[in-house]
Amino acid sequence: MSDMLLRAPFFHTPANPFRSTGALQCYEDGALLIRDGRIVASGGFHEVRKEAPEAEALDWRGGYLLPGFVDAHVHYPQLRIIGGLGRTLLEWLDQVALPEEMWMADATYASDTARRFVYALASHGTTTALVFGAHFANATAALFDAADAAGVRMVSGLVLSDRALRPELHQSPTEIYFESEALIERFHGKGRLLYAVTPRFALSTSEAMLEMCQTLVREHDGLRVQTHINEQPDEVTACVQAFPWATDYLSIYERYSLCGPRTVMAHNVQTTDAELERLAASQTSVAHCPCSNAALGSGIFPLRRHLAAGVHCALGTDVGGGTGFGMLKEALQAYLMQRVARDGQVLDPGQLLYMSTRAGAEALGLHDETGDLSAGKSADFVYVRPEADTPLAGVLERVASMEQALAAIITLGDTASIQEVRVGGEKVFGRR
Ligand SMILES: [Zn+2]
């Protein structure tokens, strides 16, 4: 058992900064003591040093450690269609996303995309992700295999649909039940992998399919649920019309017991106060995807209303409706859109860091494992150290506080400034 002492400035949010003051913790001369892939002590270097005077020390001063990012909403089969600008959601699905997703039936294409996708996560500092798999079991298995091989923490599942897309993507609820079961058996709880029941969205799932989702959740312990909700007005209308008994979009998922503390619903831009109240009561989380909301013209996320209602919100990139894998960029976009919103919530650097890290871990029920750098957590972190002569390096030389440094990293940080990424203390990406 060998200890590793990592000395570097670091930031993290072990508490929710929307609820408590002082949630952002910054250590200018900080250290993490890591043993067997876990953080056993963290804080000021001299304090942590006392815990292990003999430990091998790595001096990483000159850069900054952040908790590994948690992407709470992203689609693996859409990696190759990022940038399909200029369409509404339903047009984009029909013209861009669905034709590409049919390619996932090809095993070679799917496994190559899976490998690139997992590399994209790791190289952008994302150590945990909640991912929409493909409509095909083999392609979804390829994603789990790629994540397992790379060491990235991943929650994913076979995407379920039996109407309104294209015949090639539709499944029979009975047959897909058995294929889902086989994937759960093979991957749920294996290493850093977990399974999420993944109905694509209400419009593409019949009552029989949603009932099948309910059965899967009931029959297996610890499954997560992910889907979409309230993204654009015409989508909301179409979904509610597809279920004549529905009173609003959320009521469709509620009928099949798909809400709860282990459910993450993406978007919720076009939401009602009644839905917000029920999301909070069932402890269902929302994945806010500001780049996607802007790119597809979905609108400005009503963050203030979510917070006021007590709905838990995390951040997601929503690749490929979104514009890339960077969670720092996503955090910046969240900030920018709230700044221009009529009733926007002005987000501070601690809140943005929380939304990019611990909030996602909480949404997935993984906050005892990851999401911040407290003692007891898995050593999942990102080491940011921009090349000399870059604007970010220039700003970091001049900042007067750690909070300013964090704001600069959120504003200017990109893949090139990420030097190394680790999950469970193991390197999953490194530039050196
Ligand atoms: Zn999505």
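The values are calculated or read from the model by the stated rules, or taken from the named source; none is laboratory data. Predicted model, so just to flag it, every value in this text is computed and none were measured. As a convention, Cβ positions derive from the backbone with ideal geometry for all residues, glycine included, and neighbour counts pool all protein chains shown. Side chains are part of the model used for accessible areas, which takes the heavy atoms of the whole protein and leaves out ligands, DNA and RNA. Shrake-Rupley method; radii C 1.70, N 1.55, O 1.52, S 1.80 Å.
A few remarks follow.
- The stretch 283-423 shape via C-alpha gyration tensor axes, a/c threshold 1.5: oblate
- Couplings 3J(HN,Hα) for the stretch 203-212, derived from phi with the Karplus relation 6.51 cos²θ - 1.76 cosθ + 1.60 (θ = phi - 60°), are 4, 9, 10, 6, 4, 4, 5, 5, 5, 5 Hz, where x marks Gly and Pro.
- With θ taken as phi - 60° and the Karplus curve 6.51 cos²θ - 1.76 cosθ + 1.60 applied, the whole-hertz 3J(HN,Hα) list for the stretch 288-298 is 8, 10, x, 5, 5, 4, 6, 5, 8, x, 6 Hz, x standing for glycine and proline.
- Percent RCO, i.e. relative contact order, over the chain, from Cα pairs under 8 Å lying at least 6 residues apart: 20 percent
- Sites matching trypsin sites (Lys or Arg not before Pro) across the stretch 312-411 that sit in DSSP coil, with at most 10 neighbouring C-beta atoms within 10 Å: R342
- Percent carbon-and-sulfur accessible area, the stretch 50-167, ignoring ligands, DNA and RNA, probe 1.4 Å: 51 percent
- Dipole of the stretch 123-202 [Lys/Arg +1, Asp/Glu -1 at C-beta], most positive-end residue of L183, V155, P173: V155
- Under the Debye formula (equal points on every Cα, no solvent term), log10 I(q)/I(0) of the chain at q = 0.08, 0.09, 0.11, 0.14 Å⁻¹: -0.41, -0.52, -0.78, -1.26
- Cα gyration tensor shape for the stretch 366-432, rounded if a/c is under 1.5, else prolate or oblate: oblate
- Across the stretch 288-308, the residues whose backbone nitrogen lies under 18 Å from the label position 7 Å along the beta-carbon direction of T272 are 302, 305-306.
- For the chain, with +1 on Lys and Arg beta carbons and -1 on Asp and Glu, the positive-most of A15, A363, L143 along the dipole: A15
- Rounded to the nearest Hz, the phi-derived 3J(HN,Hα) couplings of the stretch 238-244 under the Karplus curve 6.51 cos²θ - 1.76 cosθ + 1.60 (θ = phi - 60°) are 4, 5, 5, 5, 6, 10, x, where x marks glycine and proline.
- Dipole orientation for the stretch 370-432: of the candidates T390, G424, I410, G424 has the Cα lying most toward the positive pole (charges on Cβ; Lys, Arg +1; Asp, Glu -1).
- When the surface is traced with a 1.4 Å probe over the full set of protein chains, F178 keeps roughly 130 Å² accessible.
- Qualifying chymotrypsin sites (Phe, Trp or Tyr not before Pro) in the stretch 189-264, DSSP loop, other Cβ atoms within 10 Å at most 16: W245
- Length available on full extension from R115 to E54: 0.36 nm per residue minus the Cα-Cα distance, which gives 18.0 nm.
- In this structure the amide hydrogen of C289, modeled in the peptide plane, comes within under 5 Å of the amide hydrogens of H267, G316, none closer than 5 places in sequence on its chain.
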